[in-house]
Amino acid sequence: MSRYTRKTKKESKLHKAGKIGLTAGKWLLEFLNVIIEAFPDPLQPRYVYMRGWPDELPRHRIYGEVKRMKNRGWIEVAEKQGKKFIQLTEKGRLELLYRKLQAFKNSKEKKWDGGWWMALYDIPEHGRNERHAIRDALHLAGFYLLQKSVYVHPYKIPDELAAYLKDAKLLEFIRFVHVDHMDGAREIEKHFGLSHAIKRG
């Protein structure tokens, strides 16, 4: 049996539906996240058998969410011997990565090393859509606009951002640089709620 068809630890946790306010939509999003982790290459999507859902969630609700996400173009569905298999579409992968970016921005489990990550991008004038997409992704990840086409962030670049930019075919337009010191950083430190007196290490 393929390791991708066995129930992962994350799926096992999902089966224990001890979460308050768990809904079919939340569960299905977590299930789709498992697919992203199992198949990180967007060029090689795989159909995955839907299983491991909590007993507290009626199947008709989950299937209703499947239908809704299919209608939005996020997933494709196949059925074999009465069992449903799903796979993420390119649009669905981008949607999930976009949501994971937002989760990173709101996360409190981040440590500052005293340095700064700078995002610099250069896009031709005709690439208006790409420019807006990069700005939107950086903003969602919590980056601070330092000047035109230059954003800054105190924490390590999240994997979710790199994955989103790669899948959206935007990574070629942007560069990330880490600097140990930046003049006039007081205002930016205040923006991120950081202590000016913090020591690295």
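The values are calculated or read from the model by the stated rules, or taken from the named source; none is laboratory data. These numbers were taken from a predicted model, which means no experiment stands behind them. Cβ placement follows ideal geometry from the backbone for every residue including glycine, while neighbour counts extend to all protein chains displayed. These accessible areas exclude ligands, DNA and RNA; they are computed on the full protein's heavy atoms, side chains included. Shrake-Rupley method; radii C 1.70, N 1.55, O 1.52, S 1.80 Å.
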Of the residues in region 94-122, those that are free of Cβ contacts under 8 Å to residues at least 60 places away in the same chain and either closer than 12 Å to PHE173 by Cβ or surrounded by 15 or more Cβ atoms within 10 Å (Cβ to Cβ) (or both) number 7
Residue hits (region 1-28; modelled with pLDDT under 70 and surrounded by 13 or more Cβ atoms within 10 Å (Cβ to Cβ)) are TYR4, THR8, LYS10, GLU11, LYS13, LEU14, HIS15, ALA17, LYS19, LEU22
GLN81 passes all but one of the listed conditions (1) open to solvent by 20 Å² or more (accessible area, probe 1.4 Å); (2) closer than 23 Å to LYS169 by Cβ; the exception is number (2)
When region 29-70 is checked residue by residue, the ones that are at pLDDT 85 or above and small (Gly, Ala, Ser) are GLY64
